[in-house]
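Chemist: Just dropping this structure here.
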There are 2 protein chains.
Amino acid sequence: MKDQDGFPVFEDVVAAHERIKPYIHRTPVLTSSYLDELTGASLFFKCENFQKAGAFKVRGASNAVFGLDEETAKRGVATHSSGNHALSLSYAAGRRGIECTVVMPRTAPEAKKAAVRGYGGRIVECEPSTSSREEVFAKVQEETGAEFVHPYNDLRIITGQATCSREMVEQVEELDAVVAPIGGGGMVSGCCLTLSNIAPGVEIYAAEPEQADDAYRSFKAGHIIADDAPVTVADGLKVPLKDNTWHYVSNHVTDILTASEDEIVDAMRLIWQRMKLVMEPSSAVPLATILKNPDTFKGKRVGIIITGGNVDLDKLPWMKG
Amino acid sequence: MKDQDGFPVFEDVVAAHERIKPYIHRTPVLTSSYLDELTGASLFFKCENFQKAGAFKVRGASNAVFGLDEETAKRGVATHSSGNHALSLSYAAGRRGIECTVVMPRTAPEAKKAAVRGYGGRIVECEPSTSSREEVFAKVQEETGAEFVHPYNDLRIITGQATCSREMVEQVEELDAVVAPIGGGGMVSGCCLTLSNIAPGVEIYAAEPEQADDAYRSFKAGHIIADDAPVTVADGLKVPLKDNTWHYVSNHVTDILTASEDEIVDAMRLIWQRMKLVMEPSSAVPLATILKNPDTFKGKRVGIIITGGNVDLDKLPWMKG
């Protein structure tokens with residue numbers, strides 16, 4: 001189904017949820033009386049770090065993979081990503097028993113490559129530049145005829161991610177606001193798709209690193225601004241908005257808030273220490289922005305998406321050297 | 001109530017559970033398909049790292065504190081501990097609004113001292129020796145008249161810890177075995193108290209570091225053997241069994257299994273990486289022993305107690321230097 005602008009409707013989210021249920025976890029929501037006291041709000045952490053393949057991205061990837069007709073599925077799927085989308089698409093393709101090819105820069109961490117291969121994905125390396133990635137990816141698609149699944153600017157992906165906030169609305173009563181990290185905008189778009197339909201009173205905040213604040217600047221300017229290679233500890237949030245995610249962000253997001261690198265690392269450490277969760281720097285940006293803007297959230301019931309937990313335990317941001 | 005040997009009966013566990021419910025979390029049980037595949041067993045992790053004050057010890061401490069009559073409570077409670085019991089007793093006393101004095105070696109980590117003070121506990125420092133600790137503690141008791149709550153060799157404590165396995169039996173159907181770390185034996189005794197009463201078919205394994213294997217040697221010898229200052233990364237498990245915990249261990253434990261330091265650290269890392277849990281080295285000993293004794297657990301439904309999550313994030317055992 002489509003709405004009048006050609007975007008998914010909530011029935012599509014329900015169908016996606018049904019489709020992916022066998023392949024994902026219904027992740028728990030955790031709370032912390034310490035952090036509630038610190039912020040003056042009631043915080044509900046949706047723990048997608050406990051998700052299959054370690055991140056929410058498996059929702060969208062599973063929806064894309066299991067939504068393919070037999071004919072298309074036979075040719076496999078392909079993407080370019082060096083992050084959680086690569087793992088998630090490999091996992092979902094493995095569960096369906098089809099091939100998954102991932103174009104990755106040869107400089108990507110060996111641990112990430114090993115994880116993709118562990119889920120049965122095939123890696124084709126490119127040089128660490130956009131031109132090389134596009135060239136190599138075009139060749140892969142030509143050779144395999146594989147279905148391209150973009151990490152976020154794909155309505156099947158957005159519809160899959162939308163199942164996360166649907167669960168949260170079922171798990172937590174009377175939310176006032178949701179805060180999710182924003183990179184390319186897949187998760188935030190999913191929140192917009194769900195909440196605008198079933199909980200339109202809930203405010204939607206996107207949280208972004210100051211050092212990769214292209215979504216913030218896009219939101220204020222009213223059109224997409226893309227940064228060239230931003231540098232931030234929140235390495236899942238470096239990519240720019242694209243047309244489909246911009247549709248949701250520009251129409252439904254209440255505000256975009258930013259936090260500095262130090263604030264992000266402090267918030268991450270606080271969550272590890274107090275909530276005993278292994279989670280990524282990207283997932284700490286929401287708490288960092290809440291601590292920075294206490295008046296915006298005081299007294300409110302706030303859902304926070306802990307987007308993923310795939311960190312290198314040998315390179316935690318508070319380690320020296 | 002008491003059984004014919006003067007030990008608590010299961011009705012005491014039920015009463016303790018009712019008493020402490022407002023002050024503890026009913027912690028979740030998590031699973032990992034990766035670790036199930038690795039071990040050939042079905043593992044159920046009871047996450048006491050998410051417990052109040054970050055460890056199961058708050059169950060026993062709350063039971064002791066809230067079970068005191070008004071008269072005794074007025075004089076406060078006291079203990080000696082530089083670990084989770086110190087935090088937990090301070091937390092519970094704070095919730096009841098009574099004083100808690102903790103005798104701690106002056107060499108204890110500043111973070112632990114700060115945590116005790118954060119919960120409202122008062123610290124009296126001693127030298128890092130048993131004689132100094134006993135001397136200082138005697139003085140504290142004389143001055144305050146405070147009720148001594150031993151970290152584990154106290155039936156109120158054991159009865160409180162017994163609520164953990166009671167929850168697990170409610171949360172997981174048809175368990176075949178439970179594996180819990182053993183130091184002084186408080187948690188293991190609690191498991192014995194509960195399981196021998198309501199699930200007598202469930203095997204009870206205690207998991208211990210090879211380098212602090214006094215419980216293992218006691219179990220094999222048939223009497224308590226105490227080590228002098230063992231050294232292990234599992235710093236919660238250095239203390240010896242005492243008469244009350246020996247009663248349970250010698251009567252109800254199926255076997256005690258041990259693991260080396262490297263095996264403990266590897267298992268800890270595996271849980272952090274795959275389950276996204278911040279937990280203590282002590283809590284990794286059960287998985288380490290299961291990986292070491294696959295035939296003992298293959299095909300079984302095994303409950304594992306993740307006892308706590310209070311680690312120093314700047315000194316993780318896989319960090320260099």
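Chemist: Under 7 Å between Cβ atoms, at least 6 apart or on separate chains: pull out the pairs that start in segment B:42-57 with a residue that is more than 13 Å from chain A (Cβ to nearest Cβ) and in contact (Cβ under 8 Å) with a residue 40 or more places away in the chain and end on any residue that is in a loop (DSSP other than H, G, I, E, B) and surrounded by fewer than 24 Cβ atoms within 10 Å (Cβ to Cβ).
Modeler: Sorted first by the residue in segment B:42-57, then by its partner, the pairs are B:Leu43/B:Thr31; B:Leu43/B:Ser32; B:Phe44/B:Thr31; B:Phe44/B:Val172; B:Lys46/B:Thr27.
Chemist: Additional query: Kindly indicate whether A:Thr27 is without any contact (Cβ under 8 Å) to a residue 24 or more places away in the chain, within 11 Å of chain B (Cβ to nearest Cβ) and out of contact with any His (no Cβ under 6 Å at 6 or more places or on another chain).
Modeler: So A:Thr27 does not fit the description; no.
Chemist: Same structure, new question: Give me a count of the residues in segment B:145-186 that are at positive phi and in contact with a helix residue (DSSP H, G or I) (Cβ under 8 Å, 6 or more places away or on another chain).
Modeler: Qualifying residue count for the region: 1.
Chemist: Looking at A:Leu270, is it within 14 Å of chain B (Cβ to nearest Cβ), in contact (Cβ under 8 Å) with a residue 60 or more places away in the chain and over 18 Å from A:Cys191 (Cβ atoms)? Reasoning before the result, please.
Modeler: Values: within 14 Å of chain B (Cβ to nearest Cβ): yes; in contact (Cβ under 8 Å) with a residue 60 or more places away in the chain: yes; over 18 Å from A:Cys191 (Cβ atoms): yes.
Criteria met by A:Leu270.
Chemist: Next question, about the same structure. Yes or no: B:Pro281 under 17 Å from the mean Cα position of the chain (by Cα) and either within 21 Å of B:Leu38 (Cβ to Cβ) or of a type in the set (S, T, N, Q) (or both)?
Modeler: Numbers: under 17 Å from the mean Cα position of the chain (by Cα): yes; either within 21 Å of B:Leu38 (Cβ to Cβ) or of a type in the set (S, T, N, Q) (or both): yes.
Yes.
Chemist: Without any contact (Cβ under 8 Å) to a residue 40 or more places away in the chain and polar (S, T, N, Q): is that true of B:Ser218 in this structure?
Modeler: Against the criterion (without any contact (Cβ under 8 Å) to a residue 40 or more places away in the chain and polar (S, T, N, Q)), B:Ser218 qualifies.
Chemist: Now, a different point. Which ones in segment B:108-126 are hydrophobic (A, V, I, L, M, F, W, C) and exposed (fewer than 14 other Cβ atoms within 10 Å of the Cβ)?
Modeler: Matches in segment B:108-126: B:Ala114 only.
Chemist: Can you list the helices (runs of 4 or more DSSP H) lying wholly within segment A:1-101 that have 2 or more residues being under 19 Å from the mean Cα position of the chain (by Cα)?
Modeler: So the answer is A:10-20, A:57-66, A:84-96.
Chemist: Related question: Can you tell me which of A:Gln161, A:Gln141 is out of contact with any Pro (no Cβ under 9 Å at 6 or more places or on another chain), of a type in the set (S, T, N, Q) and under 30 Å from A:Ser42 (Cα atoms)?
Modeler: A:Gln161
Chemist: Shifting gears a bit: Can you name every residue in segment B:30-41 that is touching a residue at least 24 places away in the same chain (Cβ under 8 Å) and away from chain A (no Cβ under 12 Å)?
Modeler: B:Leu35, B:Leu38, B:Thr39, B:Gly40, B:Ala41
Chemist: Check segment A:19-33 and report whether any residue there is among the hydrophobic types (A, V, I, L, M, F, W, C) and in contact with a Ser or Thr (Cβ under 7 Å, 6 or more places away or on another chain).
Modeler: So far as segment A:19-33 goes, yes, one or more of its residues are among the hydrophobic types (A, V, I, L, M, F, W, C) and in contact with a Ser or Thr (Cβ under 7 Å, 6 or more places away or on another chain).
Chemist: Continuing with this model, one more query. So which helices (runs of 4 or more DSSP H) stay within segment A:150-237 end to end and still have 1 or more residues that are crowded, with 22+ Cβ neighbours inside 10 Å and either in contact with a His (Cβ under 6 Å, 6 or more places away or on another chain) or not assigned by TED's automatic domain parsing to the domain that holds A:Ala15 (or both)?
Modeler: So the answer is A:155-171, A:186-198.
Chemist: Among A:Ile256, A:Ile264, which is β-branched (Val, Ile, Thr) and surrounded by 23 or more Cβ atoms within 10 Å (Cβ to Cβ)?
Modeler: A:Ile264
Chemist: Mind listing whichever residues of segment B:291-303 are over 19 Å from B:Glu261 (Cα atoms) and hydrophobic (A, V, I, L, M, F, W, C)?
Modeler: Passing the criteria: B:Phe297, B:Val302.
Chemist: Further question on the same structure: Which of the residues spanning segment A:48-80 are over 21 Å from A:Val140 (Cα atoms), of a type in the set (A, V, I, L, M) and in contact with a strand residue (DSSP E or B) (Cβ under 6 Å, 6 or more places away or on another chain)?
Modeler: Once the filter is applied, which keeps residues that are over 21 Å from A:Val140 (Cα atoms), of a type in the set (A, V, I, L, M) and in contact with a strand residue (DSSP E or B) (Cβ under 6 Å, 6 or more places away or on another chain), segment A:48-80 yields only A:Ala55.
Chemist: Quick one: is B:Glu170 of a type in the set (Asp, Glu) and within 27 Å of B:Glu280 (Cα to Cα)?
Modeler: Here the answer is yes, as B:Glu170 does meet what is asked.
Chemist: Considering (1) surrounded by fewer than 18 Cβ atoms within 10 Å (Cβ to Cβ); (2) in contact with a strand residue (DSSP E or B) (Cβ under 7 Å, 6 or more places away or on another chain); (3) without any contact (Cβ under 8 Å) to a residue 24 or more places away in the chain; (4) not small (Gly, Ala, Ser), say which one A:Lys276 fails and leave the rest.
Modeler: It fails just one condition, (1).
Chemist: Right, B:Gly94: surrounded by fewer than 24 Cβ atoms within 10 Å (Cβ to Cβ), modelled with pLDDT of 95 or more, within 26 Å of B:Val14 (Cβ to Cβ) and outside the structural domain of B:Val29 (by TED's automatic domain parsing) or not?
Modeler: Details: surrounded by fewer than 24 Cβ atoms within 10 Å (Cβ to Cβ): yes; modelled with pLDDT of 95 or more: yes; within 26 Å of B:Val14 (Cβ to Cβ): yes; outside the structural domain of B:Val29 (by TED's automatic domain parsing): yes.
Against the criterion (surrounded by fewer than 24 Cβ atoms within 10 Å (Cβ to Cβ), modelled with pLDDT of 95 or more, within 26 Å of B:Val14 (Cβ to Cβ) and outside the structural domain of B:Val29 (by TED's automatic domain parsing)), B:Gly94 qualifies.
Chemist: Give segment B:287-319 a look and list any residue that's of a type in the set (Gly, Ala, Ser) and away from chain A (no Cβ under 14 Å), or say none.
Modeler: B:Ala288, B:Gly299, B:Gly303
Chemist: Looking at A:Gly83, A:Gly67, A:Gly6, which one is under 25 Å from A:Trp246 (Cα atoms), buried (at least 20 other Cβ atoms within 10 Å of the Cβ) and more than 14 Å from every other protein chain (Cβ to nearest Cβ)?
Modeler: Selected residue: A:Gly83, the only one of A:Gly83, A:Gly67, A:Gly6 that is under 25 Å from A:Trp246 (Cα atoms), buried (at least 20 other Cβ atoms within 10 Å of the Cβ) and more than 14 Å from every other protein chain (Cβ to nearest Cβ).
Chemist: Looking at segment B:233-257 only, could you name the residues that are touching an Asp or Glu at 6+ places or on another chain (Cβ under 7 Å) and closer than 27 Å to A:Val278 by Cα?
Modeler: Once the filter is applied, which keeps residues that are touching an Asp or Glu at 6+ places or on another chain (Cβ under 7 Å) and closer than 27 Å to A:Val278 by Cα, segment B:233-257 yields B:Val233, B:Gly236, B:Leu237.
Chemist: All but one of (1) of a type in the set (D, E, K, R); (2) out of contact with any Phe, Trp or Tyr (no Cβ under 9 Å at 6 or more places or on another chain); (3) within 12 Å of chain A (Cβ to nearest Cβ) hold for B:Glu263; state the number of the condition that does not hold.
Modeler: (3)
Chemist: Which condition number in (1) buried (at least 16 other Cβ atoms within 10 Å of the Cβ); (2) under 22 Å from the mean Cα position of the chain (by Cα) is the one that B:Val136 fails?
Modeler: Among (1) buried (at least 16 other Cβ atoms within 10 Å of the Cβ); (2) under 22 Å from the mean Cα position of the chain (by Cα), the lone unmet condition for B:Val136 is (2).
The values are calculated or read from the model by the stated rules, or taken from the named source; none is laboratory data. Owing to the predicted nature of the structure, the values given are computational and were not obtained by experimental measurement. Positions of Cβ are backbone-derived with ideal geometry, glycine not excepted, and every protein chain shown enters the neighbour counts.
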